[in-house]
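**Student:** This is the structure I want to talk about, given as structure tokens.
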Amino acid sequence: MSLLRALLIWIVIALLGALAAQLLLSSDPGLVILRYDGLDRSTTLVNAIAMALGALVLLWLVMSLIALPFRSWGRYRESRAQSRLGEGLDALHQGHYARAEKLLTQSANENPHYEPAARLAAAQAAFARGDAAAARAHLDGLGDRHPATRAIALAQIAMLEDRPIDALTALDAPGAQPLPPRGLALRADAWAQTGHAAEAYGLLGALRRQQALPESELAAREVRWAAASLHEAADANVLAERWEALPKGLRTETPVVLAYVDRAFALGWHDAALRSLETALDTRWDEQLASRYAMLDVGDPEHRRTRLERWLQTYPASPAAMLGLARLHHARRDWGRGRTLLQRAAEQGAGSEAWVQLGDGYAAEGDERTARLCYANALRAARNEPILALPVDASAPTMAAAERRDDHGLPHLRDPDDLTPRP
């Protein structure tokens, strides 16, 4: 802007110089007659122009001298407001909330250019010292001059106080539309907290376009909101519609698949839940999904056994597949295979669940002593305590008598009544 002003001034000077040169070089300098109150004054055109320019310069000097104190006072106020804004933000950062609030309020009152930032920071200082009413008063001071800024700040305070409905109300203010990126992110979070995750999920496109959040956070929210929207499905049709609308990659994410399976089972869609688990496990193996599949009691048992055996061949160290197969063998009263699988599962870190199933198996076989020992081991596994060794007669008969060890690599007890913990 200053360059344009300087250029304009030089153009005017050049034009005036050209006009003066033309008049000076002309054979007829011209005549200017000024008549006022019966008196006539005459001069040449060049002199008239020179006197007019001199009068304008003199007027400009007088006006500048008159305005000088006001300009100096304005610059002083702006400098003071800027200084208080900087000191207030520094005090806010250091935790001097009362001092920061005072300085920032003064800065907002002194200069309208700094008012939005100053009042927002003052509201943060008031909220940090526990005065929510003062924080809202600072924001109300913005009035209708900065509606979007005020709406976002009010929504942020409401979210911190677990009032998502009030946050939505603040963000729906007509003057704040269209919402900036921060407002969209707050609206999506508020929708999710009020049990309307589908609406929050629908805002993901706008959040990505406006880069409202880092991509990692958007990806995490996408999984969380997708799972929550499936949990919120009121009926089977809504559940199917939301599930089919999800991207294929999202339909293999563990929280999303588990949410769909749980809701589908609740609505009686057992086959759909079974197929979704199988598809997800075929696409990407996940122990949590495998554990959920192993706990199912629906569908054809032979079909589930075939699936689990195939997965166990591909992932031989999977405790979830071992537990699922062991449950199916127990249902067929094949205790020998079931016990072997459960011992392998416990060795692979299946923990208390494997020991509970072992205890159930021994109890069904009438071996109450070993069953009680397995149940005790289930508690110990849950507490990360040393496991008790099983009695000798509960282990495989082919083990050497000199040092009998179970499938965990732990020595068996020679006396079934000896419950001494072995590390």
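Throughout, read-outs are computed from the coordinates displayed, never taken from laboratory work. Quantities reported herein were computed from a predicted structural model and do not represent experimental measurements. Every residue, glycine among them, receives a Cβ derived from its backbone with ideal geometry; neighbour counts consider all protein chains shown.
**Student:** Determine the shape class of segment 252-370: with a ≥ b ≥ c the square roots of the Cα gyration tensor eigenvalues, call it rounded for a/c under 1.5, and otherwise prolate if a/b is greater than b/c, oblate otherwise.
**Tutor:** Here segment 252-370 falls in the prolate category.
**Student:** Please work out the FRET efficiency for the pair A219 and K102, using the Cβ-Cβ distance as r and a Förster radius of 45 Å; give the result to the nearest 0.05.
**Tutor:** 0.60
**Student:** Now, a different point. For the ranges 344-357, 286-299, what's the packing order if you count other beta-carbon atoms within 10 Å of each residue, average per peptide, and put the highest first?
**Tutor:** Highest-to-lowest ranking by the protection proxy: 344-357, 286-299.
**Student:** Which percent of Cα-Cα pairs in segment 119-245 sits in each 5 Å bin, short to long?
**Tutor:** 2, 11, 19, 19, 18, 13, 10, 4, 3, 2
**Student:** With the contact rule set at Cα under 8 Å and sequence spacing of 6 or more, what percent relative contact order holds for segment 341-396?
**Tutor:** For segment 341-396, the relative contact order is 29 percent.
**Student:** Here is a further query. Magnitude of the Cβ-charge dipole of segment 113-174, K/R +1 and D/E -1, about the Cα centre, nearest 20 debye?
**Tutor:** 160
**Student:** Once the Cα atoms of segment 40-154 are picked out, what are the Rg and Dmax in Å?
**Tutor:** So, for segment 40-154, Rg and Dmax equal 23.8, 80 Å respectively.
**Student:** List W269, W60, W285, W311 from most exposed to least, where exposure is judged by having the fewest other Cβ atoms within 10 Å.
**Tutor:** Fewest to most other Cβ atoms nearby, the residues stand as W60, W285, W269, W311.
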